[in-house]
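The values are calculated or read from the model by the stated rules, or taken from the named source; none is laboratory data. The shown structure was predicted, so the numbers you read here are calculated from the model rather than taken from an experiment. Cβ placement follows ideal geometry from the backbone for every residue including glycine, while neighbour counts extend to all protein chains displayed.
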């Protein structure tokens, strides 16, 4: 007895001609998504953008929302001249 719906059975049984490809594509998408999500969450936290951080944490768009956030909405904080940082000199 097949416990999966028809469209799902190809992912969980050996009936797919290229059996291991779907697993590798899935793992590649997970790695891609985690990399972009990590950078976007780090930037949102550093910029104190609480709503963006929450949205990026909850919504999974395989890196699309994260890329848009990083390149469009994540703006660097303006540097203050008296920050006392060694790197600012």
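Tell me which residues, restricted to the stretch 54-65, are under 13 Å from residue 36 (Cα atoms) and assigned to a helix (DSSP H, G or I).
Within the stretch 54-65, 56, 57, 64, 65 meet the criteria.
If a residue must be over 30 Å from residue 73 (Cα atoms) and at pLDDT 60 or above, how many such residues does the stretch 12-41 contain?
Result for the stretch 12-41: 6.
Scan the stretch 40-73 for residues that are within 9 Å of the chain's Cα centre (by Cα) and buried (at least 16 other Cβ atoms within 10 Å of the Cβ) and jot them down.
Hits for the stretch 40-73 are 40, 41, 56, 63, 65, 66.
Are any residues in the stretch 32-46 farther than 13 Å from residue 60 by Cα and out of contact with any helix residue (DSSP H, G or I) (no Cβ under 9 Å at 6 or more places or on another chain), and if so, which ones?
42, 46
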